[in-house]
Amino acid sequence: QVQLVESGGGLVQTGGSLRLSCASSGRPFSSYSMGWFRQAPGKEREFVAAIRRGGSSTEYAVSVKGRFTISRDNAKNTVYLQMNSLIPEDTAVYYCAAAIQWPPVVPTTVNYWGQGTQVTVSS
């Protein structure tokens, strides 16, 4: 089993920045590709970003490419999502995800989920 705990969400104005963190415990963190998904009210959960086990490869949704950066620290069992130039359309609950499959771009490929953290961007 893998336990994932997100932190760092909050309220920010358009153009602002936030950094999300996800701490992992349980099975070896380095065994999993890690990702972030988000879900806005009334919408399906969607892929945001992913990073391979060793950190050598990353994937981003088109909507966040150039604004968001995913990174991981395997020594700290933590994955991060740096979000810059935030816009109201980024408002959602953000979920941390651990997956065996690469890249984990659809929810069905995720093995473990965090509980989610709310990000709200005001206009």
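Values as computed for the structure displayed
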| item | result |
| --- | --- |
| Residues located in region 14-70, provided they are among the aromatic types (Phe, Trp, Tyr) and outside any strand (DSSP E or B) | Phe29, Tyr32 |
| Where Ser30 falls short, out of the listed (1) surrounded by 13 or more Cβ atoms within 10 Å (Cβ to Cβ); (2) in contact with a strand residue (DSSP E or B) (Cβ under 8 Å, 6 or more places away or on another chain); (3) modelled with pLDDT under 95 | (2) |
| Tally of residues being over 26 Å from Leu11 (Cβ atoms) and either of a type in the set (D, E, K, R) or open to solvent by 60 Å² or more (accessible area, probe 1.4 Å) (or both) across region 106-123 | 3 |
| Cβ-Cβ under 6 Å pairs, at least 6 apart or on other chains, region 65-78 side free of Cβ contacts under 8 Å to residues at least 60 places away in the same chain, far side part of a loop (DSSP other than H, G, I, E, B) | Arg67/Asn84; Arg67/Ser85; Arg72/Gly55 |
| Whichever residue in region 85-123 is in contact with a helix residue (DSSP H, G or I) (Cβ under 6 Å, 6 or more places away or on another chain) and among the aliphatic types (A, V, I, L, M) and, among such residues, is farthest from Ala40 (Cα to Cα) | Ala99 |
| Residue match in region 46-62 (condition: open to solvent by 50 Å² or more (accessible area, probe 1.4 Å) and free of Cβ contacts under 8 Å to residues at least 12 places away in the same chain) | yes |
| Test: residue in region 4-20 that is closer than 15 Å to Thr78 by Cβ, among the polar types (S, T, N, Q) and over 14 Å from the mean Cα position of the chain (by Cα) | no |
| Single residue of region 14-24 satisfying the filter (of a type in the set (Gly, Ala, Ser) and under 19 Å from Pro104 (Cβ atoms)) that is most open to solvent (accessible area, probe 1.4 Å) | Ala23 |
| Total residues in region 63-98, condition under 16 Å from Ser33 (Cα atoms) and either open to solvent by less than 60 Å² (accessible area, probe 1.4 Å) or of a type outside the set (A, V, I, L, M, F, W, C) (or both) | 16 |
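The values are calculated or read from the model by the stated rules, or taken from the named source; none is laboratory data. Remember, predicted model here, so these are calculated numbers, not experimental data. In this analysis, Cβ positions are derived from the backbone assuming ideal geometry, glycine residues included, and neighbour counts consider all displayed protein chains. For accessibility, only protein heavy atoms count, side chains too; no ligands or nucleic acids. Shrake-Rupley method; radii C 1.70, N 1.55, O 1.52, S 1.80 Å.
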